[in-house]
Amino acid sequence: MYDFNLVLLLLQQMCVFLVIAWLMSKTPLFIPLMQVTVRLPHKFLCYIVFSIFCIMGTWFGLHIDDSIANTRAIGAVMGGLLGGPVVGGLVGLTGGLHRYSMGGMTALSCMISTIVEGLLGGLVHSILIRRGRTDKVFNPITAGAVTFVAEMVQM
């Protein structure tokens, strides 16, 4: 029963992030995030926004023994998927360093996995752009599948 409650609480976190992302997507400041560009301001905005998502995913995580069940991977993967490998790696590094600073038995492994998740999102971004499939970059199924694979790699 405890596992089911944990899943429900994590789904609740994901829904909150989804609402925040949807609200942000309707503001003029964040409309450039909905386009694939190589402009530095776009990359910087992606880095800031998704680093905040990573850190919020850790802060709102559920402490279980010496580890944290969280939604940190969403920020790292989405940063890579929308910003490319450099942005994904930097978002993963930021989220990973934040998690590492919290300490605990799983701090180092969580830091490394967050970086890998951001790089994986960036790799998928690069592959889709190279193949001319920019529409798939913004596809929710693509984002969900990449995040699912990233979490499986983490385990």
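The values are calculated or read from the model by the stated rules, or taken from the named source; none is laboratory data. What you are looking at is a predicted structure, and each value in this text was computed from that prediction instead of being measured. Cβ sites come from the backbone with ideal geometry, for glycine too, and all protein chains shown count toward neighbours.
For every residue, the table says whether it meets (1) modelled with pLDDT under 75; (2) within 18 Å of THR94 (Cα to Cα); (3) among the aromatic types (Phe, Trp, Tyr).
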residue	(1), (2), (3)
PRO32	yes, no, no
PHE50	no, yes, yes
ILE64	no, no, no
ILE68	no, yes, no
**Complete:** Inside region 51-69, the number of residues satisfying the requirement of being closer than 12 Å to ARG99 by Cα and of a type in the set (Val, Ile, Thr) is 3
**Message:** List the residue pairs whose Cβ atoms are under 6 Å apart, where the first residue sits in region 102-124 and is free of Cβ contacts under 8 Å to residues at least 24 places away in the same chain, the second is surrounded by 21 or more Cβ atoms within 10 Å (Cβ to Cβ) and part of a helix (DSSP H, G or I), and the two are 6 or more positions apart or on different chains.
**Reply:** MET111/GLY96; MET111/ARG99
**Message:** Looking at region 54-63, can you tell me whether even one residue there is over 11 Å from the mean Cα position of the chain (by Cα) and among the aromatic types (Phe, Trp, Tyr)?
**Reply:** yes
**Request:** Determine the pairs where a residue that is under 15 Å from PRO85 (Cβ atoms), located within region 42-54, has a partner that is among the small types (Gly, Ala, Ser) and outside any helix (DSSP H, G or I) with Cβ atoms under 8 Å apart, the partner being 6 or more residues away or on another chain.
**Result:** LYS43/GLY84
**Item:** Candidate set from region 127-138 (those that are surrounded by 15 or more Cβ atoms within 10 Å (Cβ to Cβ) and either touching a Cys at 6+ places or on another chain (Cβ under 8 Å) or without any contact (Cβ under 8 Å) to a residue 60 or more places away in the chain (or both)); member that is farthest from THR71 (Cα to Cα)
**Value:** LEU128
**Asked** Which of (1) modelled with pLDDT under 90; (2) within 18 Å of ASN139 (Cβ to Cβ); (3) in contact with a Leu (Cβ under 7 Å, 6 or more places away or on another chain) is the odd one out, the single condition VAL36 does not satisfy?
**Response** (3)
**Request:** Spot the failing condition for PRO85; the list is (1) crowded, with 22+ Cβ neighbours inside 10 Å; (2) in contact with a Gly (Cβ under 6 Å, 6 or more places away or on another chain), and only one is missed.
**Result:** (1)
**Asked** Taking the condition more than 17 Å from GLU151 (Cα to Cα) and not in a loop (DSSP other than H, G, I, E, B), does PHE44 pass?
**Response** yes
**Request:** Quick one: which helices (runs of 4 or more DSSP H) lie wholly within region 98-155 and hold at least 3 residues that are under 19 Å from MET56 (Cα atoms) and out of contact with any strand residue (DSSP E or B) (no Cβ under 7 Å at 6 or more places or on another chain)?
**Result:** 107-130, 140-154
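Condition test on ARG72, is it farther than 25 Å from THR27 by Cα, buried (at least 23 other Cβ atoms within 10 Å of the Cβ) and touching a helix residue (DSSP H, G or I) at 6+ places or on another chain (Cβ under 6 Å)? It would help to see each step written out before you state the result.
Numbers: farther than 25 Å from THR27 by Cα: no; buried (at least 23 other Cβ atoms within 10 Å of the Cβ): yes; touching a helix residue (DSSP H, G or I) at 6+ places or on another chain (Cβ under 6 Å): yes.
Taking the combined requirement at face value, the residue does not satisfy it.
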